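Below: the structure, in structure tokens.
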Amino acid sequence: MRFPLPKTRRQWIAVAVLAPVLTVLFLVSGFFWWSPLNCWHDEVDLNSGRIRRTRYLLYCQIGEQIEENWVSRARDGADGPPDWRRVNTFSPGVRHSPHYQFHGAIHQIKMLELADDVVPFESAARRKAADRLLLLWRTEQSDFGADEFVHAVASTALDRHENGATTVGPSDIPIETD
């Protein structure tokens, strides 16, 4: 079956307007979930804790943003070249991501930051917590092994707050968790 070509100028204008509009609607529809056709990825660097957000459209990378956060600021640098691991992938109209090995890493960083907001951490305590988190990520090759540690640090901060402490010191950061 052949489609007839437009014959008049008005038909050509309609095609010229409709084709891009329909293409844009198709791209933002979320029809191809998590496809580089139209998606964005969040990744975490296991050596510094930085977060990288990459945007794709029509299988081409159109943007990249690397963000510092509580962990990366506490460390003042990385231990070697970046080791980026996927955390999330999102697409238009899709409110969830596939579950990656480091799916909870950004949440874990935010939990440590919230604990620091409850009772301020001394800089050595911040560094110790950040180092331990990254070590757990690297040795376990996932975020699962760090969950218990993050919860222990948050519980410690809450306990220190309830006891009237003004700071969390390095000796308050648990190294081994039960």
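Each value in this text was obtained by applying a stated rule to the coordinates, not by laboratory testing. The structure displayed is predicted, hence computed values, not measured ones. Counting neighbours? That spans all protein chains shown, and the Cβs are built from the backbone with ideal geometry, glycine included.
Select from 136, 157, 170 the residue farthest towards the positive end of the dipole of the stretch 122-178; place +1 on Cβ of Lys and Arg, -1 on Cβ of Asp and Glu, and compute about the Cα centre.
170
Give me the mean projected area, in nm² to one decimal, of the convex hull enclosing the Cα positions of the stretch 38-172.
Computing the convex hull of the Cα atoms and averaging its projections yields 8.8 nm².
Under the 0.36 nm per residue contour assumption, what length would be gained going from the current alpha-carbon distance of residue 60 and residue 135 to full extension?
Between residue 60 and residue 135, full extension yields 23.7 nm more.
Using Cβ contacts closer than 10 Å as the measure, can you line up 107, 99, 151 from fewest to most?
The fewest-first ordering by Cβ neighbours comes to 99, 107, 151.
What distance in nm separates the simple spin-label points at residue 2 and residue 144, each placed 7 Å from Cα in the Cβ direction?
Going from the residue 2 label point to the residue 144 one covers 6.0 nm.
For the stretch 82-95, what does the Karplus curve 6.51 cos²θ - 1.76 cosθ + 1.60, with θ = phi - 60°, yield as ³J(HN,Hα) per residue in whole Hz, taken in order and with x for Gly and Pro?
Rounded to whole hertz, the list is x, 10, 6, 10, 5, 10, 9, 9, 10, 9, x, x, 10, 9.
From the Cα gyration tensor of the stretch 104-178, with a ≥ b ≥ c the square roots of its eigenvalues, which class applies: rounded if a/c is under 1.5, or else prolate if a/b is larger than b/c, or else oblate? Before the final figure, lay out the partial values.
On the way: a/c = 1.93, a/b = 1.80, b/c = 1.07.
Taking the square roots of the gyration eigenvalues as a ≥ b ≥ c, the stretch 104-178 is prolate.
Fewest Cβ neighbours within 10 Å first, please rank 119, 44, 168 accordingly.
The order, fewest Cβ neighbours first, is 119, 168, 44.
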